[in-house]
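Remarks on the structure that follows.
The values are calculated or read from the model by the stated rules, or taken from the named source; none is laboratory data. Fair warning: this is a prediction, and the values are worked out from it, not measured in the lab. Note that each Cβ is placed from the backbone with ideal geometry, even for glycine, and that neighbours are counted across all protein chains shown.
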Amino acid sequence: MEEVRVLVADDEKEIRELLRLYLERERCRVDLAADGEEALRRFGGQTYSLVLLDLMMPGLDGVEVCRRIRAVSNVPILMLTAKDQEIDKVLGLSMGADDYITKPFSIHEVMARVKAQLRRFRVLGSEADAGGGGSRDHAVLRFRNLTVDTRTYTVTKDGHEVNLTAKEFQLLKLFASHPHQVFTKTQLFRQVWDSEYLEDDNTVMVHIRKLRLKIEDDPSDPKRIQTVWGIGYKFAGEPHEA
């Protein structure tokens, strides 16, 4: 199995060391950064399975670091924020973070989120190692001008590759694998974030909005990912055979 390496960026030494302690118990290799510049330097020199990123750091803040990482990588990013204003959470998610946890946090809550991400990383690694084709779990899903390859984790629209974050891809894969099925926000959070804990609607709503911007012809009038008012969302379209 490929090495699991995690980058922890936080300007509070106690938090860095606490996270390192618990991550190493999960047999992760852990690199630490005390500010945004150091986080980017470390990220540029290694391949990571997960990034834990503090929102408020000296120099480059977590939002800017997240934006720069997301420009070159789809690595899962878990944002740590001491602020409780909704705008800070939405801003972090809009820059490409996959999830956030508000400080002060329970270390057990953090590790539950981390373990969910690492389980997903290990599953993806196992599938890649297995290779092969023909499995329904590794299907290429085609919908008119949209193609979702669930084995190579790539998406194309009108023949051009679409750059999705890990969570955006997982949302799209879930929708495309179950066309016309209505999912509540809680169901989406449970399936994609692998957690029963849904603090508010923003996590799901922001990711749906970002996904629509990337795959819809007109995001203001979405035809693929449709809102079912009062319930949730569904994916519209009939799959085509290869």
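So which residues in segment 14-38 are out of contact with any Leu (no Cβ under 9 Å at 6 or more places or on another chain) and outside any loop (DSSP other than H, G, I, E, B), if there are any at all? Passing the criteria: Glu14, Leu18, Leu21, Tyr22, Glu24, Arg25.
Taken together, Thr152, Thr156 contain a single residue that is modelled with pLDDT of 70 or more and assigned to a strand (DSSP E or B), which is Thr156. Just one residue in the set Phe121, Phe43, Phe143 is at pLDDT below 70 and farther than 14 Å from Asp10 by Cβ; that residue is Phe121. Note on segment 10-44: residues that are of a type in the set (Val, Ile, Thr) and out of contact with any strand residue (DSSP E or B) (no Cβ under 9 Å at 6 or more places or on another chain) total 0.
Does Asp61 satisfy the condition of being assigned by the TED database to the domain that holds Leu118 and farther than 18 Å from Gly96 by Cβ? No; evaluated as a whole, the condition is false for this residue.
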